[in-house]
């Protein structure tokens, strides 16, 4: 099966959202920090009423909350605008019995199935992991039909364990 696509900023944002959730300890720690920050903001409101402290704690909660995560969003937008064109190149991908072959105007690669450690299916993407931090993103829009998406998912299920 051959597919062609070009990754977009929204693909990276969706991947980042689900990748963050898959890093459970880090995700829970950010939630805890967010809750503690809100708690301190409420305490300052009740007992001290120092407006600067209240604003600081509430802003900190908003900045680190993993669902909002303004810092991460801003850094992703900055990185997207300032990165080389390699991440934006059109990509031709061939799904083979042995693995996945990728070709762009400037590179070629082949990854055998055993290299992939897990995959996550989102509403718009398949995220294929090659360890904890190395991933391949395959957007569902690259497939011509729902049937092709189902076929690809069957191939993934046969060759890679799915994340829980």
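Bear in mind that the values in this text are calculations on the coordinates, not laboratory data. In this text, all values refer to a predicted model and were calculated from it rather than measured experimentally. FYI the Cβ positions are ideal-geometry reconstructions off the backbone, even for glycines, and counts take in every protein chain you see.
Given their separation in residues at 0.36 nm each and the Cα-Cα distance between them, residue 47 and residue 158 gain 34.1 nm when the chain is fully extended.
By the beta-carbon count within 10 Å of each Cβ, the least crowded to most crowded order of 36, 93, fewest first, is 36, 93.
Put in order of Cβ neighbour count within 10 Å, fewest first, the listed residues 158, 14 become 158, 14. Each of 38, 137, 154 was scored by other Cβ atoms within 10 Å of its Cβ. Arranged with the fewest first, they read 154, 38, 137.
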